[in-house]
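Reading through the structure tokens given below for one structure.
No value in this document is a laboratory result; all are computed from the given coordinates. Predicted, not measured: the structure shown is a model, and the values here were computed from it. Don't worry about glycine lacking a Cβ; one is built from the backbone with ideal geometry, like all the others, and counts go over all protein chains shown.
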Amino acid sequence: MKRQIRWICFASVLNVALCIAVAGGRANANGSKEISLTPAADVKYVPLDPKDTEGRGPQISVVFGDMKKKAPLGFLFKVPPGFRPGPHTHTSDYHGIVLEGAVHDFAAGGVEGNPIGPGGHWFQPGNLPHDNHCASTTPCVMFIYTPRGFDFIRLKDHI
């Protein structure tokens with residue numbers, strides 16, 4: 001049953017990503033506008049931080065878009081258990097959907113509250129200071145959609 005729920009949540013996220021890509025006339029991650037299938041076992045993650053040569057920190061797998069552009073972007077985001085990036089902002093709004101694990105998204109300095117699990121989702125306004133926490137004993141995996149590209153600005157960088 002748990003495997004079925006995970007598959008349903010994953011399929012729902014892929015449908016959302018495909019609808020966003022098609023509605024915007026966007027190509028898939030390899031630039032093609034042809035059907036492209038990637039089984040879960042073949043998803044390749046790369047460290048978000050190029051200095052993380054061992055892959056111990058946050059990792060991404062681009063579904064569509066280009067990480068280097070301020071344009072629509074959809075990606076799978078995997079973080080280690082217990083991960084907390086610290087207070088930060090992003091220039092763009094974004095939507096997140098939890099695929100695996102238990103995730104907190106909360107205002108910087110605020111209370112974490114209850115985590116959301118697979119199938120749960122959130123909206124994060126751009127430029128709003130916040131923090132995240134993977135409360136699982138296993139990695140947390142999310143699908144993230146941001147209409148204006150990805151950036152990460154530590155809260156202390158604003159000062």
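Taken together, the residues in region 85-97 that are in contact (Cβ under 8 Å) with a residue 60 or more places away in the chain and part of a strand (DSSP E or B) amount to 3.
Taking the residues in region 105-159 that are of a type in the set (V, I, T), touching a residue at least 24 places away in the same chain (Cβ under 8 Å) and in a loop (DSSP other than H, G, I, E, B) as candidates, determine which candidate is nearest to V63 (Cα to Cα). Ranking the qualifying residues of region 105-159, first place goes to T138.
Only a single item in (1) more than 20 Å from P115 (Cβ to Cβ); (2) surrounded by 18 or more Cβ atoms within 10 Å (Cβ to Cβ); (3) in contact with a helix residue (DSSP H, G or I) (Cβ under 9 Å, 6 or more places away or on another chain) is not met by L48, and it is number (3). Here F77 fits the description: buried (at least 18 other Cβ atoms within 10 Å of the Cβ), assigned to a strand (DSSP E or B) and in contact with a Cys (Cβ under 9 Å, 6 or more places away or on another chain).
With surrounded by 14 or more Cβ atoms within 10 Å (Cβ to Cβ), more than 13 Å from the chain's Cα centre (by Cα) and hydroxyl-bearing (S, T, Y) as the only criterion, which of T53, T91 stands out? After applying the criteria, what remains is T91. Screening V111 with (1) of a type in the set (V, I, T); (2) over 13 Å from C140 (Cβ atoms); (3) touching a strand residue (DSSP E or B) at 6+ places or on another chain (Cβ under 6 Å) gives one miss only, at (3). Against the numbered list (1) farther than 26 Å from G65 by Cα; (2) small (G, A, S); (3) not in a loop (DSSP other than H, G, I, E, B), G82 comes up short only at (3).
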